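The next block holds one structure in the form of structure tokens; read it before the comments.
The values are calculated or read from the model by the stated rules, or taken from the named source; none is laboratory data. Keep in mind that what you see is a predicted model, and the values were worked out from it rather than measured. Here Cβ is always computed from backbone atoms with ideal geometry, including for glycine, and neighbour counts include all displayed protein chains.
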Amino acid sequence: MKLRSLRLCNFRQFYGKTPEILFSIGKRNATIIHGNNGAGKTTLLNAFTWVLYEKFSPAFASEDQLVNKRAIAESSPGVAVDCWVEIGFEHYNKLYQVKRRCRGYKTESGVEHSKSELLLQIAGDDGRWSLPQQHPDDIIGQILPISLHQYFFFDGERIEQLVRSDKKLEIAEATKTLLGVKVLDRAITHLKDAKKILESELAFIGDSETKKLLKEQQTLEQEIYYLKNRQKEIDREVSHQEELKKTLGSRLLEFSGAEELQRLRDELETQEALIREQLKQSKEALKRAISTRGYTVLLSDVTVEFREIVDDMRSRGELPVGIKRQFVGDLLNQGCCICGEKLVEGTHAHQQVSSWMDKAGIADVEETAIRMSAQVDEIDKQVPEFWEEVDRQQAILAQGRAELSRIETQLDDIKKRLRSFPSEDIQQLQKRLDETELKIKDLILEKGANQQSIERLQGDIEAKVKQVAKHKMNEEKQVLAQRRISATEEAIARLQKVRNRLDTQFRSSLEKRVQELFAEISFTPYLPKLSDKYELSLIETTAGKEATVAASTGENQILSLSFIGGIIDRVREWSQENTLLGPDSSTFPVVMDSPFGSLDEVYRRQIAKTLPQLANQLVVLVTKTQWLGEVAREMDNHIGREYVLVYNSPKPNCEEDAIEIAGNRYSLVKPSPNDFEYTEIIEVDDGF
């Protein structure tokens, strides 16, 4: 997907039809749009997401007020005012024109808006535009799925939200689209539906025992279906309660007297989360040590016995062996010893040489003994190392639990003080916090119990399936139905294995790329980690131990930007290798609003250097303060086109502002010639 153009008409700050914004691609792949806060940068970002997906970014206020105020004010009551956004893009040498429009009507009670309409046209090789047979949403979804749009059109000042815990479900779901896992999921779902139909047929033609087993299996499957749906509800509810908890905590910070207690609680809860993560990692390290090396401590008696056997063989002269069986055999076949004596069968000389055949025969034993001795030495060496690792992890666990106990005691003390605080408002907020935390705890416990039930039920279902398979079928139709069910089950199992392997492979590749990008931008020694649930975190390694870092806002922005860059890079690579699974594109644009907002000079420079490499095409919406200096210098060689958003302010005696680009001065803010605010789009003269 290559963005070619953007036009707007009466869309928020943009009055009437705007000039066409043309986007650069190629060696100079960056298009820069300059504008002050409030001039319409966020509006332009949302113009992309609205026309393509009818979605808005979190910073986009008053989503129901899209039609330009001046256009509405100048219209007659009941007369429609057009509001639209039109985007032109290219995809695999085809030109697409997408337009979404709505209408506003002035009424006595205010302004009414119609529902939006989406129109998509495609240009053929002859240059003629035509309407496609597919629905426009389906075409856009194939090129750039809606679940991925947050990675390609985003607000840089809020980009750190990607690493928040409540976003992990969205990230995981979006990544499934990247992998093409949804294709496999649909195939698995269809096969499961087919299996149910086949089982229904088998139940209809089968004997009473078969029918009974299948009915019991169906009941178990219904229970699992209910529990899995409940698990999804719990995840959503926990996410909601976590957000509510943050809101209540923020409100406590606003009250005088409770501010310090709440700030201390926030710090303690952050420490608690870090310690729990460390405990989790230590437990996993302990499990790995026990599962991979725990057996070594049980082999002490066996290794001693092995050495005694080898030593005994050495004492009897059986080890080492200097003569090979092949050598003795050759002497007997030739009938002559190395001393010249004739070896005639039945003579004493022949018997003496033949006796070496038995001794020479244990040469293989000698080689095995040598090899096993080295392995036994390694096993004995691992025993003290194993106990050292166990002791170290146990010490970490003990220390972490002690620290956790201390923090929990302090948190309980803070809660008691807030519950008995003189202010009733603070008491009520704490009461609601207590209720929220209790609800989160109950939900998590319920989720754990449900998971146990699901695993138990799945085991019961597997047992039923085996019983049905083993049950003797009397009729040819029953045998055929059972064979079809078995084939379906095997296909489902194979697809599930493919899905899991794809997920593991992609996640590992993505994590590696995110780490590379983060290392290029950040000067910290931290290492990004991606969990199996696609949760992003920063890890610090000290004295061989990993610990989760409480990242700053700037670090979270860099982490999120690295994640987006990794996503784009790996999807580009993935879509080329897995054309039947992934999204139908290997070229991706990135449109970002204010990507340098909360960063210092060093990070701004590093990000400005990295941004043009992240995507095939880059559109950056930026303020003057974010742009001038190191950012402008780093990106200068990548700029293909530049535009300025000129804000016309109706405020009396407004303070004007301007920016100098390529030796020319462009207004950023100027007085409005009428009583309305609106924004003009001016193209920068590049001098070529």
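Computed values, structure above
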quantity	calculated
The range 232-254, subset under 12 Å from Leu443 (Cβ atoms) and among the polar types (S, T, N, Q), residue nearest to the chain's Cα centre (by Cα)	Ser239
Of all residues in the range 355-364 being in a helix (DSSP H, G or I) and loosely packed, with under 15 Cβ neighbours inside 10 Å, the one that is modelled with the highest pLDDT	Ser355
Test: residue in the range 639-660 that is out of contact with any strand residue (DSSP E or B) (no Cβ under 9 Å at 6 or more places or on another chain), at pLDDT below 90 and under 30 Å from Ile521 (Cα atoms)	no
Members of the range 32-52 found to be closer than 21 Å to Trp84 by Cβ and either surrounded by fewer than 19 Cβ atoms within 10 Å (Cβ to Cβ) or among the polar types (S, T, N, Q) (or both), listed by number	Thr42, Thr43, Asn46, Thr49
Strands (runs of 3 or more DSSP E) contained in the range 588-688 and holding at least 3 residues under 29 Å from the mean Cα position of the chain (by Cα) and in contact (Cβ under 8 Å) with a residue 40 or more places away in the chain	589-593, 617-622
Thr625 being within 25 Å of Glu660 (Cβ to Cβ), at pLDDT 75 or above and surrounded by fewer than 22 Cβ atoms within 10 Å (Cβ to Cβ)	yes
Selection count, the range 218-274, where residues are of a type outside the set (Phe, Trp, Tyr) and closer than 20 Å to Ala449 by Cα	20
Qualifying residue in the range 418-434 (condition: closer than 26 Å to Asp235 by Cβ and hydroxyl-bearing (Ser, Thr, Tyr))	no
Checklist (1) under 15 Å from the mean Cα position of the chain (by Cα); (2) crowded, with 17+ Cβ neighbours inside 10 Å applied to Gln505, failing item	(2)
Candidates Leu286, Leu274, Leu268, filtered to the one that is more than 30 Å from Lys192 (Cβ to Cβ), touching a residue at least 12 places away in the same chain (Cβ under 8 Å) and touching a Ser or Thr at 6+ places or on another chain (Cβ under 7 Å)	Leu274
The range 267-283: number of residues that are touching a helix residue (DSSP H, G or I) at 6+ places or on another chain (Cβ under 6 Å) and either farther than 17 Å from Leu538 by Cα or not assigned by TED's automatic domain parsing to the domain that holds Val390 (or both)	1
Residues that are under 30 Å from Ile461 (Cα atoms) and surrounded by 14 or more Cβ atoms within 10 Å (Cβ to Cβ), drawn from the range 232-266	Ile234, Asp235, Glu237, Val238
When residues of the range 1-30 are limited to those that are at pLDDT 90 or above and closer than 21 Å to Asn93 by Cβ, the one farthest from the chain's Cα centre (by Cα)	Leu22
Pairs, first farther than 12 Å from Met635 by Cβ in the range 22-40, second assigned to a loop (DSSP other than H, G, I, E, B) and at pLDDT below 85, C-beta under 7 Å, six or more apart	Ile25/Asn616
The one condition in (1) within 34 Å of the chain's Cα centre (by Cα); (2) within 30 Å of Asn674 (Cβ to Cβ) that Asp82 fails to fulfil	(1)
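Yes/no matrix, rows are residues, columns are (1) modelled with pLDDT of 90 or more; (2) touching a Lys or Arg at 6+ places or on another chain (Cβ under 9 Å):
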| position | (1), (2) |
| --- | --- |
| Ile32 | yes, yes |
| Gly38 | no, no |
| Leu45 | yes, no |
| Trp50 | yes, yes |
| Ser57 | no, yes |
| Gln65 | no, yes |
| Ser75 | no, yes |
| Gly78 | no, yes |
| Trp84 | yes, yes |
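Yes/no matrix, rows are residues, columns are (1) modelled with pLDDT of 80 or more; (2) touching a Phe, Trp or Tyr at 6+ places or on another chain (Cβ under 8 Å):
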{"site": "Gln430", "(1), (2)": "yes, yes"}
{"site": "Leu433", "(1), (2)": "yes, no"}
{"site": "Leu438", "(1), (2)": "yes, no"}
{"site": "Gln451", "(1), (2)": "yes, no"}
{"site": "Glu475", "(1), (2)": "no, no"}
{"site": "Val479", "(1), (2)": "no, no"}
{"site": "Arg501", "(1), (2)": "yes, no"}
{"site": "Phe506", "(1), (2)": "no, yes"}
{"site": "Phe523", "(1), (2)": "no, no"}
